[in-house]
Amino acid sequence: MDLFVQLLLNGLVAGSLYALVAVGFALIFAATRHFHIAHAAVFAAGGYLAYFLADFLPVGPAVAVAVLLSVVLGVVLVTLLYRPLERRGGAGFVLFLVSLGALIVIDNIFTVGLGAQPARLAAGSWFTTTVDIGQWSLIAGQVALIVLAFALFGGLVTLLARTRMGKLVQAFSGNPEFVQIVGRKPQVVLVVVYALGSLLAAVAGVYVAADTGMQPGLGETFFIVSVMAVIIGGIGSITGAFVAAMLLGLLQNVLLLVMGAEWTLAAIFVLFLVLITVSPEGLARIDLRRARTLA
């Protein structure tokens, strides 16, 4: 039982990481229908840039600047790549290929510039301080991640439900023309959506850099699991994506009771295939033709 509870706590940590990436992608996809696979590059940018900037700045400012630059990267991708292609009639598959190309280019830039070895951010002694929870324990960095994931998710839900911009984002997901009718440029809403989604992914990337170190291909792994969470939770629901991501993190760690760590992701993928075969719309069973709310 002690081991099981510890695995559940570790699962909350993994789930928090998946949730940050998944909710960011869910928001972007629900609002724009862009299959933004370069979201994985934004995740990686958060970690790599924090690692690089920490050589020149204290850790706190380095992390803040890294997250800001990652947000800028996400915004640049939509304003300079996706949006111009859409204006020229680019279909979803074309945007996907462009996004995939951007991911490959950005990944290669980081690999060539910083090497293939894990880029580990020295976050300070506080990060590895043990926090006892009864008979179990986490490190302070893990506790901070869990709290931050729930706080950012709660903040995003509140923003979407309570603010004018949040309501415009939701309106944009169902009827982009409506945003223009009420006097807002669709470009502004796109920037807000990508900025918020990129912020969440970048925060997750920074944590990974501080924990195990960022390395080539890691962004793609997190992105794949996050897309599974979005589908399981019901496309169009950020709450569904958050809950599903948490469940995947918990499941991945509980599976360690019966198999090696190298098999857990494969097992999750098999279970995912079974699930979408039984329920193609995910656990939420959302009618995609009627879905109009992101929360």
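Read-outs: derived from the displayed coordinates by stated rules, not from any lab. These numbers were taken from a predicted model, which means no experiment stands behind them. So basically every Cβ, Gly included, is an ideal-geometry build from the backbone, and we count neighbours across all protein chains shown.
A few notes on this one:
- Euclidean distance between Cα centres, region 123-159 to region 27-76, Å: 20 Å
- Annotation for region 80-104 versus region 215-273: alpha-carbon center distance of 26 Å.
- Annotation: for a label point projected 7 angstrom from Cα along Cα→Cβ of LEU85, residues of region 92-136 with backbone N closer than 13 Å are 92-105.
- Helix axis angle, 218-233 relative to the chain longest principal axis, alpha carbon, degrees: 70 degrees
- Oblate is the label for region 78-172, because a/c, from the alpha-carbon gyration tensor with a ≥ b ≥ c as root eigenvalues, is 1.5 or above and a/b does not exceed b/c.
- In this structure, the amide hydrogen of ALA119, modeled 1.01 Å from its nitrogen in the peptide plane, lies closer than 5 angstrom to those of MET214, GLN215, counting only residues at least 5 positions away or on a different chain.
- 0 to 90° range, to nearest 10: angle between helix 186-211 axis and the chain longest Cα axis: 10 degrees
- Cα-based shape type of region 2-278, given that a ≥ b ≥ c are square roots of the gyration tensor eigenvalues and the cut on a/c is 1.5: prolate
- The value for region 1-84 of Rg(Cα) / (2.2 N^0.38 Å) is 1.37.
- Efficiency of FRET from Cβ geometry, THR221 and LEU97, R₀ 30 Å, rounded to 0.05: 0.90
- Mean Cβ neighbour count within 10 Å, used as a protection proxy, ranking 148-159, 215-226 highest first: 215-226, 148-159
- Each peptide in 76-84, 228-236, 194-202, 8-16 receives the mean, over its residues, of other Cβ atoms within 10 Å, and ordering these scores from highest gives 194-202, 228-236, 8-16, 76-84.
- Cβ-placed point charges (K, R +1; D, E -1), dipole of region 2-278 about Cα centre in debye, nearest 20: 1080 debye
- From phi via Karplus (6.51, -1.76, 1.60), per-residue ³J(HN,Hα) for region 101-111 in Hz, x at Gly/Pro: x, 4, 4, 4, 4, 5, 4, 5, 4, 5, 5
- Only helices enter this figure: runs of n ≥ 4 DSSP H residues, each worth -39500 (n - 2.57), summed and divided by the residues of the chain, yield -24000 deg cm²/dmol at 222 nm to the nearest 500.
- Sequence-separation-based contact order of the chain, relative, with Cα cut under 8 Å and 6+ spacing, percent: 36 percent
- Rounded to whole numbers, the Karplus 3J(HN,Hα) couplings from phi for region 61-77 are x, 4, 5, 4, 5, 4, 5, 4, 5, 5, 4, 4, 4, x, 5, 4, 4 Hz, using 6.51 cos²θ - 1.76 cosθ + 1.60 with θ = phi - 60°, and x at Gly and Pro.
- Nonlocal amide H pairs with ILE139, under 5 Å, H built at 1.01 Å: VAL131
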